[in-house]
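Participant: What follows is a single structure, and I will ask about it in a moment.
The values are calculated or read from the model by the stated rules, or taken from the named source; none is laboratory data. All of these numbers come straight from a predicted model, not from anything done at the bench. Here Cβ is always computed from backbone atoms with ideal geometry, including for glycine, and neighbour counts include all displayed protein chains.
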Amino acid sequence: MHYRSHVVVSLLVALTLSACGLSRPASIVPTAASVPRATVALPSPVPTAFLQASATTTLMSGALVGRPSPVRPTRLPTPLPTDAPLDPTPTLAPLSDETRERIFEQIWETVHEHYLYEDYRGVNWLAIRDEFAPKVEGSASPEEFYALMREMIVRLGDDHSRFESPQDVAEQDAEFAGKLRYGGIGAEIREVDEGGMVSSVVPDGPAAKAGIQPRDLITAIDGIAFTDREAFGSDRPISRVRGEPGTRVRLSVKSPGQGVHDVLVVRAVIDPDIFNRVSAQRLAGNIGLISIPSFFVAATDTHVRQAVEDLLAQGPLEGLLIDVRTNSGGYVHLMLNTIALFHNGGSIGSTSGRTESKDERIPTGMVISGMNGVPITVLICPETASAAEMFAAGMQVLGRAKVVGQPSAGNTENLYTYKLEDGSRIMLAELAYRLPDGSLIEGRGVIPDRTVPADWWRYPPDKDPQILGAIDVIRGR
């Protein structure tokens, strides 16, 4: 199947991450002999894999680990915010010349000492320091300095590692804690060749009240064709959809089997967490369907347990489908705890880097009563990334589930998060996930037991080819 620019545009800035959590004490790093410079104290990595959700322990995509965790993949279409944050993030505080230089040195040294790839993916990291040092010295504002730090990390080109300013950190922490709010229409939209396809709507939200339904196609926004990329610029069409609560946006909508009609939608306050919630439904034939949109939500494993127990309360299950097709990752410990709901103990492989290796083991004694012997399939697609890929691969290698759909993103490097004195942080790829046989899925993804090519989001659940294929696998067909 040809995927050109199917971009999921969601109501939230869902930066999902996965974490394996290991911590290192702060250390003084000796100066490299080839580049004379002052000794620099590195920031301590934040151990997130084994911490409870808090506003101070955030890791980014790939797979969140003790230090920074893997950041959302960018080689695939990435979820973008469709709504504008309502709560202001902190104003960037002035930074002295000495503070800017110190932070720059800490970031450069952290990459130099801990980056997963000893060749820095072919980047001359010593030359990067020489290039950026004078730019840092000449930066005129915090915004300019932070832009330089972002650019420096981007030079690694791994689609995982990232730098976040204090404002970025505040927003991400608020999202993880469930305290981030947005002004928008309450819909999840995908950029497709024909326009913007609505994949889901918030019940009783602005879009739903205006009559917009899943699988409707947005052809224009305020009279501008959705496909007119030039008119919308780098912010993409969705920039015209989001906005202040109480304001209006005119959408031209084409419903299946109908002509185009205009609707006025009044923006409102939207809880972005609604698109990260675990959902469950019972399909025909006593088959359960659980959707896990993210492992970057506090107590994801608890929510999954509750969802499955609610299904079992209605009677025994013939089989269970676990949908992680829109899951971009999150914390590794939450992912491992979720596997533990269906499989008692065992290893799904390891994560290893330049200086450490860790066996990724499943906790014991957590299997949901009533799930023993119930066949499971896991649904994946090219948007399945990071910890979600580790989940699918783990269930597969443990023999607990068959995987159905399309190969996943192949984005499983684990990041560690380093917090800096000004409130900014870097997430650095330091570990690579390996299956029990030592093979990598980075760059190739999880390979389904049954491949079902389909733009699955174009179909209602009862006609979704991948769900139907997963049911066939459950029934041995």
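Participant: Of all residues being touching a Gly at 6+ places or on another chain (Cβ under 8 Å) and modelled with pLDDT of 95 or more in the stretch 228-251, which is surrounded by the fewest Cβ atoms within 10 Å (Cβ to Cβ)? Just the residue, please.
Facilitator: ARG250
Participant: Do we find that TYR120 is aromatic (Phe, Trp, Tyr), surrounded by 18 or more Cβ atoms within 10 Å (Cβ to Cβ) and over 19 Å from LEU420 (Cβ atoms) in this structure? Before you say what the answer is, go through the steps one by one.
Facilitator: Details: aromatic (Phe, Trp, Tyr): yes; surrounded by 18 or more Cβ atoms within 10 Å (Cβ to Cβ): yes; over 19 Å from LEU420 (Cβ atoms): yes.
Yes.
Participant: Please enumerate the residues belonging to the stretch 124-158 that are outside any helix (DSSP H, G or I) and touching a Phe, Trp or Tyr at 6+ places or on another chain (Cβ under 6 Å).
Facilitator: Kept after step one, since they are outside any helix (DSSP H, G or I), are these residues of the stretch 124-158: 124, 139-141, 155-158.
Matches in the stretch 124-158: SER139 only.
Participant: Please indicate, with yes or no, whether at least one residue in the stretch 282-292 is more than 20 Å from LEU321 (Cα to Cα), touching a residue at least 40 places away in the same chain (Cβ under 8 Å) and within 29 Å of the chain's Cα centre (by Cα).
Facilitator: Filtering the stretch 282-292 down to residues more than 20 Å from LEU321 (Cα to Cα) leaves none.
No, the stretch 282-292 contains no residue that is more than 20 Å from LEU321 (Cα to Cα), touching a residue at least 40 places away in the same chain (Cβ under 8 Å) and within 29 Å of the chain's Cα centre (by Cα).
Participant: Looking at the stretch 394-405, which of its residues are over 17 Å from VAL332 (Cα atoms) and surrounded by fewer than 24 Cβ atoms within 10 Å (Cβ to Cβ)? Reasoning before the result, please.
Facilitator: Restricting attention to the stretch 394-405, the residues satisfying the condition of being over 17 Å from VAL332 (Cα atoms) are 399-405.
Correct list: GLY399, ARG400, LYS402.
Participant: For the stretch 411-443, name all the residues that are among the hydroxyl-bearing types (Ser, Thr, Tyr) and either within 21 Å of SER347 (Cα to Cα) or in contact with a helix residue (DSSP H, G or I) (Cβ under 6 Å, 6 or more places away or on another chain) (or both).
Facilitator: In the first step, residues of the stretch 411-443 are kept if they are among the hydroxyl-bearing types (Ser, Thr, Tyr); the result is 412, 416-418, 424, 433, 439.
THR412, TYR418, SER424, TYR433, SER439 - these are the residues of the stretch 411-443 that are among the hydroxyl-bearing types (Ser, Thr, Tyr) and either within 21 Å of SER347 (Cα to Cα) or in contact with a helix residue (DSSP H, G or I) (Cβ under 6 Å, 6 or more places away or on another chain) (or both).
Participant: So which residues in the stretch 321-332 are at negative phi and either surrounded by fewer than 24 Cβ atoms within 10 Å (Cβ to Cβ) or part of a loop (DSSP other than H, G, I, E, B) (or both), if there are any at all? Reasoning before the result, please.
Facilitator: If we filter the stretch 321-332 for residues that are at negative phi, which is where we start, we get 321-328, 331-332.
Selection gives VAL324, ARG325, THR326, ASN327, SER328.
Participant: Sticking with this one: Which condition from (1) free of Cβ contacts under 8 Å to residues at least 24 places away in the same chain; (2) closer than 24 Å to TRP457 by Cα is the one that PRO214 breaks?
Facilitator: (1)
Participant: Just to be sure I understand, how many residues within the stretch 96-142 are modelled with pLDDT of 95 or more and of a type in the set (S, T, N, Q)?
Facilitator: Counting residues in the stretch 96-142 that are modelled with pLDDT of 95 or more and of a type in the set (S, T, N, Q) gives 3.
Participant: Same structure again: Between a residue in the stretch 343-372 that is at pLDDT below 95 and any residue that is surrounded by fewer than 20 Cβ atoms within 10 Å (Cβ to Cβ) and part of a loop (DSSP other than H, G, I, E, B), which pairs come within a Cβ distance under 7 Å, given they are 6 or more apart or on different chains?
Facilitator: Short answer, once both residue conditions are applied: ARG354/GLU118.
Participant: Here's something else I'd like to know. Within the stretch 191-206, take every residue that is closer than 20 Å to ASP273 by Cα and in contact with an Asp or Glu (Cβ under 9 Å, 6 or more places away or on another chain) and give me the one that is surrounded by the most Cβ atoms within 10 Å (Cβ to Cβ). Explain how you work it out, then say what you get.
Facilitator: First, the residues of the stretch 191-206 that are closer than 20 Å to ASP273 by Cα: 198-206.
Restricting the remaining residues to those that are in contact with an Asp or Glu (Cβ under 9 Å, 6 or more places away or on another chain) gives 198-202.
Values: VAL198: 24, SER199: 20, SER200: 22, VAL201: 22, VAL202: 20.
The selected residue is VAL198.
Participant: Quick check on VAL367: is it aliphatic (A, V, I, L, M), more than 26 Å from GLY443 (Cα to Cα) and in the same structural domain as PRO448 (by TED's automatic domain parsing)?
Facilitator: Answer is yes for this residue.
Participant: Would you point out which residue out of LEU435, LEU420, LEU415, LEU431 is buried (at least 16 other Cβ atoms within 10 Å of the Cβ), modelled with pLDDT of 95 or more and among the hydrophobic types (A, V, I, L, M, F, W, C)? Before the answer, list the steps.
Facilitator: On the way: LEU420 fails: modelled with pLDDT of 95 or more; LEU415 fails: modelled with pLDDT of 95 or more; LEU431 fails: modelled with pLDDT of 95 or more.
One residue alone meets the criteria, LEU435.
Participant: Could you list, in sequence order, the residues of the stretch 110-147 that are without any contact (Cβ under 8 Å) to a residue 24 or more places away in the chain and among the aliphatic types (A, V, I, L, M)?
Facilitator: ALA127, ALA140, ALA147 - these are the residues of the stretch 110-147 that are without any contact (Cβ under 8 Å) to a residue 24 or more places away in the chain and among the aliphatic types (A, V, I, L, M).
Participant: So, one more: Within the stretch 107-117, how many residues turn out to be surrounded by fewer than 20 Cβ atoms within 10 Å (Cβ to Cβ) and either touching a Pro at 6+ places or on another chain (Cβ under 9 Å) or assigned to a helix (DSSP H, G or I) (or both)?
Facilitator: Step one: filter the stretch 107-117 for residues surrounded by fewer than 20 Cβ atoms within 10 Å (Cβ to Cβ), giving 112-113, 117.
Going one step further and asking which of them are either touching a Pro at 6+ places or on another chain (Cβ under 9 Å) or assigned to a helix (DSSP H, G or I) (or both), we end up with 112-113.
So the count comes out to 2.
Participant: Quick test of your reading of the structure: ILE380 fulfils all but one of (1) of a type in the set (Val, Ile, Thr); (2) modelled with pLDDT of 95 or more; (3) within 14 Å of MET335 (Cα to Cα). Name the failing condition by number.
Facilitator: Here ILE380 meets the rest and fails (3).
Participant: Also, quick follow-up: Can you confirm whether ARG121 is at positive phi, part of a helix (DSSP H, G or I) and not β-branched (Val, Ile, Thr)? Steps first, answer last, please.
Facilitator: Details: at positive phi: yes; part of a helix (DSSP H, G or I): yes; not β-branched (Val, Ile, Thr): yes.
So ARG121 passes the test.
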